Amino acid sequence: MEIANGTYLGDLRVEVTHLKSGQTIITDAPPDNQGKGESFSPTDLMSVSLGTCMLSIMGIAARTNKINIEGTKMKVSKVMGSNPRRVIEVHIEFEMPPGTFSDKEKDILKNAALTCPVAKSLHPDIIQGLNFIYK
């Protein structure tokens with residue numbers, strides 16, 4: 001199923017349009033790889049895709065189990081390796097909204113995150129570090 005069309009704009013920049021919504025994003029090579037770093041790099045998007053996928057699947061689990069996670073915040077970081085240049089680690093921190101979460105609810109949310117499609121699609125050598133902060 002075709003989901004997007006893209007155009008190379010020059011200067012290591014690509015514009016991609018989501019076919020269903022018409023939304024566009026621009027990627028830019030990072031400064032440490034000859035780019036300007038003025039937008040998400042492709043590896044940034046991969047890392048952010050993992051986080052947003054996890055949070056979306058957590059949302060489905062939360063809805064199913066009547067757990068309120070609205071307002072959950074996410075921080076994503078990545079570690080690049082070389083030879084070959086690639087993402088070797090993605091770290092995601094979820095700051096959960098104020099409230100009381102039972103141990104069962106915490107397990108439900110963590111298991112949901114770990115089973116998201118992007119997490120299951122990434123090479124097993126990529127470290128996926130998760131941290132849940134409950135207030």
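A few points about this structure:
- Candidates 93, 105, filtered to the one that is crowded, with 18+ Cβ neighbours inside 10 Å and of a type in the set (D, E, K, R): 105
- Residues being assigned to a helix (DSSP H, G or I) and either within 22 Å of residue 99 (Cα to Cα) or not aliphatic (A, V, I, L, M) (or both) - total across the stretch 38-51: 6
- Conditions (1) open to solvent by 90 Å² or more (accessible area, probe 1.4 Å); (2) modelled with pLDDT of 95 or more: number failed by residue 98: (2)
- The single residue among 115, 100 that is of a type in the set (Ser, Thr, Tyr) and in contact (Cβ under 8 Å) with a residue 40 or more places away in the chain turns out to be 115.
- Tally, over the stretch 1-37, of residues that are surrounded by fewer than 16 Cβ atoms within 10 Å (Cβ to Cβ), modelled with pLDDT of 95 or more and acidic (Asp, Glu): 3
- Among residues that are part of a loop (DSSP other than H, G, I, E, B), in contact with a strand residue (DSSP E or B) (Cβ under 7 Å, 6 or more places away or on another chain), more than 20 Å from residue 130 (Cβ to Cβ) and without any contact (Cβ under 8 Å) to a residue 40 or more places away in the chain, residue 21 is not included.
- Residue tally, condition of a type outside the set (Asp, Glu) and closer than 17 Å to residue 69 by Cα, over the stretch 106-135: 15
- Test: residue in the stretch 39-48 that is of a type outside the set (Gly, Ala, Ser), surrounded by fewer than 16 Cβ atoms within 10 Å (Cβ to Cβ) and out of contact with any Ser or Thr (no Cβ under 9 Å at 6 or more places or on another chain): no
Quick grid of which residues meet (1) part of a loop (DSSP other than H, G, I, E, B); (2) touching a His at 6+ places or on another chain (Cβ under 9 Å); (3) without any contact (Cβ under 8 Å) to a residue 40 or more places away in the chain; (4) open to solvent by 90 Å² or more (accessible area, probe 1.4 Å):
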residue: 53; (1), (2), (3), (4): no, no, no, no
residue: 57; (1), (2), (3), (4): no, no, no, no
residue: 60; (1), (2), (3), (4): no, no, no, yes
residue: 68; (1), (2), (3), (4): yes, no, yes, yes
residue: 71; (1), (2), (3), (4): yes, no, yes, no
residue: 75; (1), (2), (3), (4): no, yes, yes, yes
residue: 88; (1), (2), (3), (4): no, no, yes, no
residue: 109; (1), (2), (3), (4): no, no, no, no
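The values are calculated or read from the model by the stated rules, or taken from the named source; none is laboratory data. Keep in mind that what you see is a predicted model, and the values were worked out from it rather than measured. Reconstructed Cβ throughout: ideal geometry from the backbone, glycine too, with neighbour counts over all protein chains shown. Protein only, heavy atoms only, side chains kept; ligands, DNA and RNA dropped before computing areas. Shrake-Rupley method; radii C 1.70, N 1.55, O 1.52, S 1.80 Å.
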